[in-house]
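The block underneath contains the structure these notes are about, expressed in structure tokens.
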Amino acid sequence: MRSKFVEIAHGAGGQKMDELLEIVMKNIKLRSITNGIGLDEKDDGATINLDGNRLVVSTDGHTVHPLFFPGGDLGRLAITGTINDLCVMGGKPLAILSSIIVEEGFPIETFQQIVDSMAEEAYKNNVAIIAGDTKVMPRGTLDQMIVVTSGIGIIEFEELDIRDSNIQPGDKIILSGTIGDHGIALMAGREGISFETELISDIASIQDITQTAVSIGGVVAMKDPTRGGLASALNEFAEKSKVSIWIEDELLPIAPAVHAASEMLGLDPLSVTCEGRVILGVKAEKAEELLSAIKKVPGGEQAVIIGEAKREHEGLVISKTMVGGHRIIEKPIGEQIPRVC
């Protein structure tokens, strides 16, 4: 039954968000241009074919709380978030536009820290910040600060076609590293939970990993498992490609501290946001070569083939459990942890 009011879950990347997107898209008539990827694909971005070049564009709003967290802050998150969305579309990021909305009374020193973080992260990734907008809201009408970033990149490989609906039976699924680090680090910080091993967000650009992968070939689909985590991303692959995705619990890389915190907080790491990981659907004959190359890239050292696509049970994500049984990994209804990105 459709909700009468907007809920937090509507912005969480799961089934509830699908409901809200139906309303957003209902009356939009022009959904793509120049035969590129557009709104109907519900991908991480869109493509524009222009004078022989293929541009990729994406936009994202960032509302993380707290603004500073172990491993990063709102500014770094805003830049890497949009860079990563361009990357999983197969693009090389070129430039970013930013819109900053800040609450009256927000400390100028803190504001400076966040925008400096944005500048530093963009420069580190050789991405220009070329335009923007800044607004101030009256005190009490906004929770501190939000940043909206839009990015543009270019697809450099002529035959490259990356989209969620491209996976076919037999294709392998590669995960670039541990899951749940970002969301669990934020949640543990909010709850004041500490462990012997510090929980740190995985926030990072995935540009080197994705560019390495597409240069080798055999990559058909990519996603960064942000809202809704690995569970949501794999379900999108399965639904859009009309295949089933089969993975194994014991192959999933989960840091011990994340596993312990998840159990303590009653969270499922598969549905928790990551901010520096990528999932790749790849041709079976290229899987080992791609895995080997990704593991040599900083941030990809713990990459692993976690499963494959099959024809039967279309649209489902199924995992083999530690005891040899199977369970269905459902698309989350909403985000277990709000305001993580």
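The values are calculated or read from the model by the stated rules, or taken from the named source; none is laboratory data. Model, not experiment: these values are computed from the prediction. Reconstructed Cβ throughout: ideal geometry from the backbone, glycine too, with neighbour counts over all protein chains shown.
Could you go through region 114-128 and let me know if any residue there is surrounded by 12 or more Cβ atoms within 10 Å (Cβ to Cβ), touching a His at 6+ places or on another chain (Cβ under 8 Å) and over 12 Å from R76 (Cα atoms). Before the answer, list the steps.
First pass over region 114-128, keeping only residues surrounded by 12 or more Cβ atoms within 10 Å (Cβ to Cβ): 114-125, 127-128.
Keeping just the survivors that are touching a His at 6+ places or on another chain (Cβ under 8 Å) gives none.
No, the conditions are met nowhere in region 114-128.
Among the listed residues E275, E308, E288, E236, identify the single one that is in a loop (DSSP other than H, G, I, E, B) and charged (D, E, K, R).
Every option except E275 fails the conditions.
Restricting attention to region 150-191, report how many residues are farther than 24 Å from H62 by Cβ, assigned to a loop (DSSP other than H, G, I, E, B) and of a type outside the set (F, W, Y). Outline the logic, then answer.
Taking region 150-191 and keeping what is farther than 24 Å from H62 by Cβ, we get 155-161, 163, 165-174.
Narrowing further to those that are assigned to a loop (DSSP other than H, G, I, E, B): 156-161, 163, 167-171.
Still in the list and also of a type outside the set (F, W, Y): 156, 158-161, 163, 167-171.
Residues meeting the conditions: 11.
Mind checking which residues of region 85-101 are among the hydrophobic types (A, V, I, L, M, F, W, C), farther than 30 Å from I174 by Cβ and either buried (at least 19 other Cβ atoms within 10 Å of the Cβ) or free of Cβ contacts under 8 Å to residues at least 24 places away in the same chain (or both)? Break it down into steps so the answer makes sense when it comes.
Residues of region 85-101 that are among the hydrophobic types (A, V, I, L, M, F, W, C), as a first pass: 86-89, 94-97, 100-101.
Then drop every residue that is not farther than 30 Å from I174 by Cβ, which leaves 97, 100-101.
Correct list: I100 only.
Could you grab me the full set of residues in region 296-314 that are under 20 Å from the mean Cα position of the chain (by Cα) and either outside the structural domain of D202 (by TED's automatic domain parsing) or over 15 Å from V282 (Cα atoms) (or both)?
Listed by number, the residues that qualify are V297, P298, G299, G300, E301, Q302.
Of the conditions (1) within 29 Å of K16 (Cβ to Cβ); (2) at pLDDT below 90, G281 satisfies every one except a single condition; which number is it?
(2)
I'm told R54 meets every condition in (1) in contact with a strand residue (DSSP E or B) (Cβ under 8 Å, 6 or more places away or on another chain); (2) of a type outside the set (S, T, N, Q); (3) touching a residue at least 60 places away in the same chain (Cβ under 8 Å); (4) not assigned by TED's automatic domain parsing to the domain that holds Q144 except one. Can you identify the failing condition by its number?
(4)
Can you pull out the residues in region 263-287 that are under 17 Å from E250 (Cα atoms), touching a residue at least 60 places away in the same chain (Cβ under 8 Å) and surrounded by fewer than 22 Cβ atoms within 10 Å (Cβ to Cβ)?
D268
Does T59 meet the test of being crowded, with 20+ Cβ neighbours inside 10 Å and not hydrophobic (A, V, I, L, M, F, W, C)? Reasoning before the result, please.
Numbers: crowded, with 20+ Cβ neighbours inside 10 Å: no; not hydrophobic (A, V, I, L, M, F, W, C): yes.
Considered against the rule, which asks whether it is crowded, with 20+ Cβ neighbours inside 10 Å and not hydrophobic (A, V, I, L, M, F, W, C), T59 comes out as no.
Take the residues in region 25-48 that are of a type outside the set (D, E, K, R) and surrounded by fewer than 14 Cβ atoms within 10 Å (Cβ to Cβ); name whichever of them is farthest from K124 (Cα to Cα). Spell out the reasoning first.
Pass one, region 25-48, residues of a type outside the set (D, E, K, R): 25, 27-28, 30, 32-39, 45-48.
Among the residues that remain, those that are also surrounded by fewer than 14 Cβ atoms within 10 Å (Cβ to Cβ) are: 25, 27-28, 30, 33-35.
Working: M25: 36, N27: 40, I28: 37, L30: 36, I33: 32, T34: 32, N35: 33 Å.
Ranking the candidates gives N27 first.
Which is surrounded by 21 or more Cβ atoms within 10 Å (Cβ to Cβ), out of contact with any Asp or Glu (no Cβ under 7 Å at 6 or more places or on another chain) and at pLDDT 95 or above, of L316, L290?
Working: L316 fails: surrounded by 21 or more Cβ atoms within 10 Å (Cβ to Cβ).
Step by step, each of L316, L290 is checked, and only L290 is surrounded by 21 or more Cβ atoms within 10 Å (Cβ to Cβ), out of contact with any Asp or Glu (no Cβ under 7 Å at 6 or more places or on another chain) and at pLDDT 95 or above.
Looking at region 167-195 only, could you name the residues that are of a type in the set (G, A, S), more than 30 Å from A284 (Cβ to Cβ) and touching a residue at least 60 places away in the same chain (Cβ under 8 Å)?
Narrowing region 167-195 to residues of a type in the set (G, A, S): 170, 176-177, 180, 183, 185, 188-189, 192, 194.
Applying the additional criterion that residues be more than 30 Å from A284 (Cβ to Cβ) yields 183, 185, 188-189, 192, 194.
Result: G183, A185, A188, G189.
Regarding region 230-240, can at least one residue be identified that is over 21 Å from L316 (Cβ atoms), in contact with a Leu (Cβ under 9 Å, 6 or more places away or on another chain) and either crowded, with 24+ Cβ neighbours inside 10 Å or of a type outside the set (K, R) (or both)? Talk me through it step by step, then tell me what you get.
Of region 230-240, the ones over 21 Å from L316 (Cβ atoms) are none.
No; the residues of region 230-240 include none that is over 21 Å from L316 (Cβ atoms), in contact with a Leu (Cβ under 9 Å, 6 or more places away or on another chain) and either crowded, with 24+ Cβ neighbours inside 10 Å or of a type outside the set (K, R) (or both).
Here's a check for you: in region 196-225, which residue that is of a type in the set (D, E) and assigned to a loop (DSSP other than H, G, I, E, B) is modelled with the lowest pLDDT? Talk me through it step by step, then tell me what you get.
Pass one, region 196-225, residues of a type in the set (D, E): 196, 198, 202, 208, 224.
If we keep only those that are assigned to a loop (DSSP other than H, G, I, E, B) too, we end up with 196, 198, 202, 224.
Values: E196: 64, E198: 78, D202: 95, D224: 95.
Per the stated criteria, the residue is E196.
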